[in-house]
Every structure is written in structure tokens, then in C-alpha cells.
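What follows is a single structure, written as C-alpha cells, with notes after it.
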Ligand SMILES: [Zn+2]
């Protein structure tokens, strides 16, 4: 079972990806994690990428393609890709790769939330500068304002979680996704999920789809 998962900032796609990974034993390939790892390594490529991110801009396609496809090269089937592809160029690179290796995408899940919801969810987020614990001023505030429950460190907003940056990230996202959604619709694998509501509610909209694909693929294998 090979899956793509999309969603604007705050859609909860990473949370749901992790559930999918746990339930179906898929490999989790998250472009964000791969990029962060490269930045933390402090490589020349990482430093270059950091500049783009700080400006709230998208990274060059060639860089992302290289990073993500090198992961796929190691794990050919049973994966979920989070945050990729995001441009027409990236779709092309991924499709060429899949075609060359005789792999297909079974499902492209798009978790949709409105811009207002995206800003509410992300701009309320606060992160401990010391241990990385995540809070939300509305849904999950620290007991003492500005202080981490776990380690007592300073809890603050990340630069790219500010409302004006989130708003920009959302617009860029919607704009870039248009041709990609069109492409996967044409392939007959695209499904949009309503991402409003609680995590459990959204999960119950996603799970039946995955069960269906999972059973279909299993039967196919038994038949062979
Ligand atoms: Zn902390």
C-alpha cells in the first residue's frame, strides 16, 4: 500500500500519518523531517535550505527531489509520503521514479482545513525552547504561562508560526497544490478529507479508506 498525504499547515497530517504508520506498518517518509535532519547536520545544503525556510519560501525542486527519492530508493513499497510532491516538477520526478520501478500510488489523501482554521491552530502553537515540548494557548496551554510543564524552560512561538507567515504559507500551499490535485484526480487516487474537528473525528474519516485499500491489496497478493 503506497500513500501520499497532503494538507495545509495545521491540517494534522503528521499526526494521522503516524497513526497510519503504526496501524499498517508503512514506512514514513516526511519531507519536513528529511529537510530538518539535513539542516541539523549543518551541511552546505542544509544551510542553504535554512535561508529559504526563514523567508517562508519553498525549497528548490531539485533539492527536494534528491532528498526524498533517495529515501524511496531504499524502501520501494509500503510507504506513506508526507509533504511531497508539492510542485508539478516534483510530481514529474516522483512519477518517473515510480514508473521506472514498477510502483504505483494507491491513494492520495488531502486533509483540507480553511485558512482561518489553519491560522488558529498554528499561531496558537508554543514550543519549549529547551526540550521541544509542544503546547497550544487554546487547546493545551502550559500550567504557568510561558513556562514548560516538563522542564521549566521558556515556552515561545516559533518564527514561522506567526499569523502573517502562516497566512503566506497557506496561500503558497493552496496555489501550488492545484495542478497536483488535478493530476491525482485524473489518476483516480485522489480523496479529499474534511480536516475540521477533533483528531478522532478526522481519523474515522480516513481509516475506512485505508482498510479498503489494505484489504484489496492483500486479496490481490493472495490471488497471484
Ligand atoms: Zn521543556
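Dividing the alpha-carbon Rg of the chain by 2.2 N^0.38 Å yields what?
Expressed relative to 2.2 N^0.38 Å, the Cα Rg reads 1.06.
If you fit an axis through the alpha-carbon atoms of helix 13-24 and take the longest principal axis of the Cα set of the chain, what angle between them do you get, 0 to 90°, nearest 10?
With both axes taken from Cα atoms, the answer is about 50 degrees.
What do the square roots of 5 times the Cα gyration tensor eigenvalues come to for region 119-224, in whole Å, largest first, as semi-axes of the equivalent ellipsoid?
Sorted largest first and rounded, they come to 37, 21, 12 Å.
Would you please classify the overall shape of region 1-121 from the alpha carbon gyration tensor, given that a ≥ b ≥ c denote the square roots of the eigenvalues, rounded means a/c under 1.5, and beyond that prolate means a/b larger than b/c while oblate covers the rest?
Taking the square roots of the gyration eigenvalues as a ≥ b ≥ c, region 1-121 is oblate.
On C-alpha positions alone, give me the angle between the axis of helix 44-54 and the longest principal axis of the chain, in degrees, nearest 10.
Rounded to the nearest ten degrees, it is 70.
In degrees from 0 to 90, rounded to the nearest 10, what is the angle of the helix 88-101 Cα long axis to the longest principal axis of the chain?
40
For every helix of n ≥ 4 consecutive DSSP H residues, a contribution of -39,500 (n - 2.57) applies; sum these over the chain, divide by its total residues, and give [θ] at 222 nm rounded to the nearest 500 deg cm²/dmol. Could the numbers behind the result be given before it?
Numbers: 8 runs with 120 residues, N = 224.
After summing the helix terms and dividing by the residues of the chain, the value is -17500 deg cm²/dmol.
Please compute the contact order of the chain in relative form: average sequence separation of alpha-carbon pairs under 8 Å and at least six residues apart, divided by the residue count, as a percent.
27
Could you give the distance between the Cα centres of region 161-207 and region 19-35, to the whole Å?
So the two Cα centres are separated by 17 Å.
In terms of the Cα gyration tensor, with a ≥ b ≥ c the square roots of its eigenvalues, is region 172-224 rounded because a/c is under 1.5, prolate because a/b exceeds b/c, or oblate?
oblate
Laboratory data are not the source of any read-out in this text; all were calculated from the coordinates shown. Because the structure is predicted, anything quoted here is derived from the model rather than measured.
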